[in-house]
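The block underneath contains the structure these notes are about, expressed in structure tokens.
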Amino acid sequence: MRRRSPPFRARGAGLVVLLGVGLAAGVPTAGAGEPLRVENPGLEGAGAAPPPGWDAEVGAQGGPGSAGPGAASRWRAEGGVFGLEGDTDTRRWWLLSQVLPVRPGAVYRFGFEARSLGVDLARSEGFFPNCHVGVHFEDARARRIGMEVATVVRPEFEEEAVVARAPPGAAQARLVLFLSVPGRLEVRRVRAERLDPAESYEVLTEHLGRHYPFLAPHGIDWPALVRRHAPPAAARADPEAFAAALDPLLAALEDLHVWIEPPVGPPRRPHAPVVAPGFDLDRVRAQVPDLAVVARDTLAGTTPEGHAYLVLGSLPAAPDDAAAIEAAFAARLTAPGLIVDLRPNRGGDEALAQRLAGRMAPGPLVYARARYRAGRDPAAFYEGPPRRIAPRAPGPRPPVAVLVGPGCVSSGEGFALALRALPQAALFGAPTRGASGNPRPIDLPNGVRVHASRWLSLSPAGALLERHGVPPTHPVAPAADRDAVLEAARAWLGRAGGPDRPPR
């Protein structure tokens, strides 16, 4: 439903073209550690036109019950502060932007002060959940090739920043201010700078201190860790040595979704405990003898009772792999019962999990929630839109037995939550790993990249997943000589609908 519109003012289109030509001709960009010039950083002088130095275009169209373009959002100064605002009648949402030159491969910090008033992203049904300041990287023809944004949710002004590496082919960065939900987004004191490699440790620790979600829930004294594990000067000067020096700091987080990518060499995983998954393929074959490969990381077969069995080792994002898994899944929905074995599932694309669960959903279902850091206070969070299952083409919805255990991690746990939301499903085994942080990369100016968790994943009732996992509705203790979890699932399917169905 979202689409781009022509620039609001012709001046914006001309600026894009001139910057592209200038960079091709070798016009110098800002050097390391030097600020970039932002025109009208206070967004002053807004009236019938946007603030001088800023361009406007429609960034999104549509809303609840929208039958046409409808009313447009507004920009205006209130109390001397510029803001974008809209209400429940708004159908066209303005995006404000300004273009700056950048160098491919360099890391930039785009700082600003912002606040939001009357914005509730978790309860903006039907709207695009955007209230942010960010950057779009574009090539010399003004085509977007990368982006990074910071969501604004606090009602008080606070220092914020977006740190991002200009991707290969980037000729310019477009600073953007965008609101597409009811409420008001206010922004002031916008600035930009190219970061120096010597600042990498400070860039990383500042970013994690502001965005890492588990500092308060896990009682982590982040400032003390930052002081204790600061790398020596010699390590700061060499990216590979710097990456190795980060191990103690990041290992202290005890988070599977925190890892390091040096400029060369394999990734470093500071916290990688060995966990027995509770899955043995030979024991599965003893009960499903016709087990065969049907897709990447996916095996299928049939139990002696005629129930379909699928084990998914991952949730691949590659279109061909995902399509093969969806086809294998759909083909087995006509069986009298379905067993979905997630015990060895190491995660992947949760969108695939949503599509698979949607094939058996009787209607729209909320299966999980997520909270994100809301400012510098490590105990302050905001809730994003709920994660939902949307029903797909109508078809058979057999009873579903889901097998889980500590080898099920990350988006595999999201899949377990999605299946648990189905009224005809039950979970068997042991709790999942409890590690689902939705990691995002942090690009540092010395070439090192660190991935780190960004959310608290929650059940629909608000139970924290991290370090707790998704509990089974039918706990099953492991057996020394057989697959007791699969046995329990088969027995339940044999009497599905009986008195031991899990309460809903």
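Rule-based calculations on the coordinates, nothing more; no lab input. Just so you know, these numbers come straight off a predicted model, no measurement behind them. Note: ideal-geometry Cβ built from the backbone for every residue, glycine included; neighbour counts use all protein chains shown.
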Self-check item: Simple label model, 7 Å out from Cα along Cβ direction - ARG285 to ASP238, nm
Solution: 4.8 nm
Quiz item: Extension gain ALA330-ALA484, at 0.36 nm per residue separation less the Cα-Cα distance, in nm?
Solution: 52.8 nm
Self-check item: Selection of trypsin sites (Lys or Arg not before Pro), region 370-458, meeting DSSP coil and at most 14 other Cβ within 10 Å
Solution: ARG376
Quiz item: Quick one: Cα centre-to-centre distance for region 181-222 and region 369-386, in angstrom?
Solution: 14 Å
Quiz prompt | Full-extension gain in nm, ARG74 to ARG191, via 0.36 nm per residue minus C-alpha separation | solution = 39.8 nm
Quiz prompt | Burial ordering of ILE389, ILE260, fewest other beta-carbon atoms within 10 Å first | solution = ILE260, ILE389
Quiz item: When the helices in the chain are scored as -39500 (n - 2.57) per DSSP H run of 4 or longer and the sum is shared across all residues, what 222 nm value do you end up with, to the nearest 500 deg cm²/dmol?
Solution: -5500 deg cm²/dmol
Exercise. Restrict the search to region 279-357; then list the GluC sites (Glu not before Pro) that DSSP places in a loop and that have at most 14 other Cβ atoms within 10 Å of their Cβ.
Key: GLU305
Quiz prompt | Degrees between helix 484-494 axis and first principal axis of the chain (Cα, 0 to 90, nearest 10) | solution = 80 degrees
Exercise. Please give the helix 10-24 orientation as an angle from the longest Cα principal axis of the chain, in degrees from 0 to 90, rounded to the nearest 10.
Key: 90 degrees
Quiz item: Tell me, in nm to one decimal, what length is gained between MET147 and ALA393 on full extension, where the rule is 0.36 nm per residue of separation less the Cα-Cα distance?
Solution: 85.2 nm
Quiz item: Listing GLU199, GLU240 from the residue with the fewest other Cβ atoms within 10 Å to the one with the most, what is the order?
Solution: GLU240, GLU199
Exercise. Rounded to the nearest 0.05, what FRET efficiency do ALA49 and VAL366 give with R0 = 35 Å and r taken as the Cβ-Cβ distance? Could you check?
Key: 0.25
